[in-house]
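Only the coordinates and a few stated rules stand behind these numbers; no lab work does. What you see is a predicted model; the values in this text were computed from it and never measured.
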Amino acid sequence: MSDRAAFPPLIFIMPGIITVDLHHQVLPHWENCRAPLPMPPMVITLDFHTDTLDCRRRLPDMPENCAAAVNILHHDEHFDWALRRNIISRAVIIAVSPCAILPEHPALEVRRHPELPEMHDILNSPEKFRPLAEMFLDDRFLAPLLPGGVPAEPYILDIDCDYIMCRKALRPEQSSLIRSLAENALLITISRENDWVKLLRLPQEDISGSVIAGELLPLLKPSGSR
């Protein structure tokens with residue numbers, strides 16, 4: 001069986017955009033993106049929580065084959081694996097709830113907005129948190145986390161749908177940065193993560209990962225774009 005035959009099912013929803021069910025399933029598509037390039041691209045990720053653990057911590061004898069690795073990796077271990085395999089050069093992960101264990105790989109950087117409350121406050125008082133959650137794709141929220149704006153180096157834009165906790169966040173008032181990030185990305189990967197979306201969405205919200213993935217399209221690839 002070829003590696004490609006072993007890849008998880010996915011939906012090509014638009015040229016340059018790939019969706020998968022679980023976050024680590026983006027790995028073979030990052031590998032495909034990297035293959036023709038002289039140097040590996042970086043990754044910019046939007047995610048609610050990120051584990052970014054050393055992929056060897058749980059499985060010291062990790063397979064070198066990407067299709068085999070994607071069937072073993074969990075959570076966000078694929079970042080570490082991709083770095084060790086020279087698939088990506090570095091990763092900047094914008095997270096609401098970073099893992100308590102700091103990433104061990106020096107090329108993994110997790111950024112959290114300074115105005116975000118502690119997790120227990122988000123869980124106990126979600127409505128107080130809603131105005132900020134509504135801005136997660138807005139320039140005013142993202143710009144302090146990406147002070148250089150669109151990177152000069154080649155990059156993949158990676159979105160885990162559990163980052164979006166309410167429908168209003170999908171319609172940012174100021175969207176030039178996220179649109180520019182999408183327009184200039186080599187590839188956009190979207191992880192539906194339906195179970196986590198249902199768990200983390202704010203009260204009275206009915207969004208799913210599949211809905212979020214669909215509603216991101218006009219923002220990421222508006223009509224008439226390349």
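Figures for the structure shown
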{"item": "Added length on full extension, which subtracts the Cα-Cα distance from 0.36 nm per residue, residue 215 to residue 140", "result": "24.9 nm"}
{"item": "Whichever lysines have a C-alpha closer than 18 Å to that of residue 128, once near sequence neighbours (fewer than 8 apart) are set aside", "result": "168"}
{"item": "Cα gyration tensor of region 70-193 - equivalent ellipsoid semi-axes, whole Å, descending", "result": "24, 19, 14"}
{"item": "Rounded if a/c under 1.5, otherwise prolate or oblate - region 163-226, Cα gyration tensor axes", "result": "prolate"}
{"item": "Potential lengthening between residue 75 and residue 183 on full extension [0.36 nm per residue; Cα-Cα distance subtracted]", "result": "36.1 nm"}
